[in-house]
Amino acid sequence: MDMYQNPYMAFPGITPEEMGFLQQGTAELTENQKKYFYMVYSGKRKSPQDILIFTIIGFFGVAGIQRFVVGEVLMGLLFLFTGGFCVIGTVVDLINHKTIAADYNRKMAYESYQMAKMSS
């Protein structure tokens with residue numbers, strides 16, 4: 001888990017807040033648990049740029065795709081059937097794409113942490 005002492009730097013679009021959250025959250029894990037956490041979390045994590053791209057696709061195509069990607073199925077359906085809340089919701093998501101990604105990643109970090117704790 002060495003990768004220059006901070007493997008989280010490899011994540012695209014990682015913010016200092018997310019990095020601090022991950023480092024603090026994994027501080028008490030063993031080295032093997034940290035490796036497992038990193039493996040699981042890296043598979044689940046969404047970068048803010050990905051959310052932005054999906055929102056732009058939703059703006060010009062299928063509204064709500066960004067919400068489906070982060071597991072918000074009901075909100076995705078609502079966006080889909082209302083044309084992204086008459087485009088206003090999609091514009092709001094374009095502005096807030098970093099917050100959407102951060103909220104999703106926080107949930108995935110917690111799930112990954114729980115899985116890593118059970119892996120020992």
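The values are calculated or read from the model by the stated rules, or taken from the named source; none is laboratory data. None of the values given here were measured: they were computed from a predicted structure. We place every Cβ from the backbone using ideal geometry, glycine too, and count neighbours over all the protein chains shown.
Scan region 50-77 residue by residue and report those that are more than 24 Å from Ile14 (Cα to Cα), small (Gly, Ala, Ser) and part of a helix (DSSP H, G or I). Selection gives Gly76 alone. Contact annotation: residue pairs with Cβ atoms under 7 Å, 6 or more positions apart or on different chains, pairing a residue in region 59-71 that is closer than 20 Å to Lys107 by Cα with a partner that is among the acidic types (Asp, Glu) and crowded, with 20+ Cβ neighbours inside 10 Å, are Gln66/Asp93.
Tallying residues that are in contact with a Ser or Thr (Cβ under 9 Å, 6 or more places away or on another chain) and of a type in the set (A, V, I, L, M) within region 57-86 yields 2. Of the numbered criteria (1) crowded, with 19+ Cβ neighbours inside 10 Å; (2) in contact (Cβ under 8 Å) with a residue 60 or more places away in the chain, the one Ile100 fails is (2). Here is the figure for region 18-49: residues that are more than 18 Å from the chain's Cα centre (by Cα), in a helix (DSSP H, G or I) and of a type in the set (D, E, K, R) total 3. Only one of the numbered conditions (1) at pLDDT below 95; (2) touching a helix residue (DSSP H, G or I) at 6+ places or on another chain (Cβ under 6 Å) is violated by Arg67, and that is (1).
Every residue, every condition in (1) among the charged types (D, E, K, R); (2) surrounded by fewer than 19 Cβ atoms within 10 Å (Cβ to Cβ), yes or no:
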residue: Leu22; (1), (2): no, no
residue: Asn32; (1), (2): no, yes
residue: Gly43; (1), (2): no, yes
residue: Asp50; (1), (2): yes, yes
residue: Gln66; (1), (2): no, no
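Of all the numbered requirements in (1) among the small types (Gly, Ala, Ser); (2) modelled with pLDDT under 90; (3) farther than 30 Å from Met118 by Cα, Gly83 misses one, and that requirement is (2).
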